[in-house]
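Have a look at the structure below, then the notes.
Values in this text are rule-based calculations from the coordinates and carry no lab data. The structure presented is a predicted model; accordingly, all values stated were derived computationally and were not measured. Every residue, glycine as well, gets a Cβ built from its backbone with ideal geometry; the counts of neighbours run over all protein chains shown.
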Amino acid sequence: TAWLVTRTDIRFKKAITLLAVIPLAVPGYVMAYALLGLGGRYGIFAQLFDWQLPRINGYSGAVLALSFYTFSYLFLNLRSALLGLDRSLEESAQALGYTPRQIFFKVLLPHLAPALMAGWLVIGLYVMGDFGAVALMRYDAFSYAIFTQYSGAFDRVYAAWLSLMLLALAGSFVIMETFVLKRKRLASVGSGIVRPKAPAKLGWKAIPAWSYLGLVFLCSSGLPIMILAYWLILAPPDLSFFLAVPATFLRSAMAAFPAAIIAAGFALPVAYLLVRYPSRISTAIERSTYIGYALPPLTLALAMVFFSLNTAFFLYQTLGLLIVTWALASLALAMGPIRSALLQTRANLEEASFSLGHSALSTFWRVVFPRLNRGILAAITLVFLFCMKELPITFLLAPTGYTTLAVTVFSRTSEGFMAEAAPFAAAIVIFSSLSVGMVLNRESKKT
């Protein structure tokens, strides 16, 4: 898909790119919900065509759900790498007599290795830490085993050991990726300007190319949306039932918004320190903000459970602990927009303010802060939408009886109430689409 968008004359490239990133708006547990609603006695095929498909679950169901959801991460990495790759390298290889197959394996693939490794790392970390999809598919992965041990066993030490094993596995993935790419040097030795080249003409090959793209988008985007729409039609025609959706949304938002404010508040001084006073210490502090996002969510949640039980029992199963944990887990999301806004703010404005006798605090509030409005708003929006669809941390840390959109979808789907879960799943997809749309809008403005 990335090669078709960047190296061929295929039409509607922007639309293809948009469709390729839409799966990011469908959380893994919603994708699992869609696949579960496809087969079985009460599935969409049995109801519409009287054709009962085997229900997709277990290992195959978990693999399909997570593959359809995470392929967008790899697409974005490969698309960026292909756009930045100097095409004269391929022309030189072709002039030396290399076949297209040799050019791919000896020229293209080595230069795409960093993007592939980065994409695989993100996907690997997500899959290892995912809870919703594997739990709905009843596949006994690490995260599902941690949750069942924590919620069903009296001895929770075993859950802690499983969390440490999962953390070690995630760390080994990061170390392995760093080790593999440590000595790779792929930069050009010339001027560094990428020379444009005419895209490859597909001709009659456009037909199989569009067929392939249609199959990819049908599985990754069309399938969950169509199944969601089907179950939404079958939802109970009860006004009180549909009124529960905005009520649940407000309940989720009451916790997500404070978490977003806290995350942006934490990210602002760290980003300011990194941009205005760069050093090894400020860089180390900035890197530490990514720990919460890189940790498997259940591992982070379990760590907060043990912390509250052993150190601050009054925080155990309170909304405050959930909000703080959400903020820590999403701090990396808040860093990006705020740091970008600071980099676009001229330092000489602050110097002029200092020369006029203003203090550092006064300069920050009068000169710097007003110019960070868009970055702070983007950070708050990203964290807010992350919290709205977050599942594993909410499951372990939420107060008794507290439900969010994500928890409601998971609970009703696991109990087999597919139609009852549809409105809540639709709300998650809509709000997640806002996140994807905002990110794409920011990227288009940059380019």
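For Thr8, nonlocal amide neighbours, meaning residues 5 or more places apart or on other chains whose placed amide H falls under 5 Å from its own, are Ala200. For Ile428, the shell of other residues with beta-carbons less than 13 Å away shows a net charge of +1, using +1 for Lys and Arg and -1 for Asp and Glu. Here the alpha carbons of the chain define both size measures, Rg and Dmax, at 24.1, 79 Å. The length gained by stretching the chain between Ala113 and Leu309 to full extension, at 0.36 nm per residue less their Cα-Cα distance, is 66.1 nm. Working from label points 7 Å from Cα in the Cα-to-Cβ sense, the Phe45 to Leu83 distance is 3.8 nm. Using the average count of surrounding beta-carbon atoms within 10 Å as a protection proxy, the listed peptides 131-138, 107-114 rank, highest first, as 131-138, 107-114. At q = 0.14 Å⁻¹, what is the log10 ratio I(q)/I(0) for the range 77-154, with the Debye formula run over Cα points and no solvent? Log-scaled intensity ratios, in q order: -0.62.
Estimate the FRET efficiency between Ser172 and Ala95 by the formula 1/(1 + (r/R0)^6), using the beta-carbon distance for r and 60 Å for R0, to the nearest 0.05. Efficiency for this residue pair is about 0.90.
Largest first, the three principal axis extents of the alpha carbons in the range 16-109 are 60, 26, 24 Å in whole numbers. What is the diffusion coefficient of the range 288-412 in µm²/s, taking the Kirkwood radius over Cα pairs and the Stokes-Einstein relation at 4 °C with a viscosity of 1.567 mPa s? Calculated translational D: 77 µm²/s. Extending 7 Å from the Cα toward the beta-carbon at both Lys201 and Glu415 defines two label points whose distance is 6.2 nm.
What is the calculated FRET efficiency for Arg138 to Met165, with r their C-beta to C-beta distance and R₀ = 30 Å, to the nearest 0.05? FRET efficiency, Arg138 to Met165: 0.90. For the chain, a simple Cβ point-charge model (Lys and Arg +1, Asp and Glu -1, everything else neutral) yields a dipole of about 1600 debye relative to the Cα centre.
First measure r as the distance between the Cβ atoms of Leu232 and Thr400, then evaluate 1/(1 + (r/R0)^6) with R0 = 25 Å and state the FRET efficiency to the nearest 0.05. After rounding to 0.05, the efficiency reads 0.25.
First check a/c for the range 243-342, with a ≥ b ≥ c the square roots of the eigenvalues of its C-alpha gyration tensor; if it is under 1.5, answer rounded, and if not, answer prolate when a/b is larger than b/c or oblate otherwise. Cα axes put the range 243-342 in the oblate bin. Among 366-376, 95-105, the peptide with the highest mean count of other Cβ atoms within 10 Å heads the list, and the full ranking is 366-376, 95-105. Straightening the chain between Tyr316 and Ala360 buys 11.9 nm, computed as 0.36 nm per residue apart minus the Cα-Cα spacing.
Here the spin labels are modelled as points 7 Å beyond Cα on the Cα-Cβ line, and at Leu273 and Tyr290 they lie 1.7 nm apart. Packing, taken as the mean count of other beta carbons within 10 Å per residue, orders the peptides 263-272, 415-424, 307-316, 12-21 from highest to lowest as 263-272, 415-424, 12-21, 307-316. For every other residue with a beta carbon closer than 12 angstrom to the beta carbon of Arg339, add +1 if it is Lys or Arg and -1 if Asp or Glu, then tell me the sum. That sum, taken over residues with Cβ under 12 Å, equals 0.
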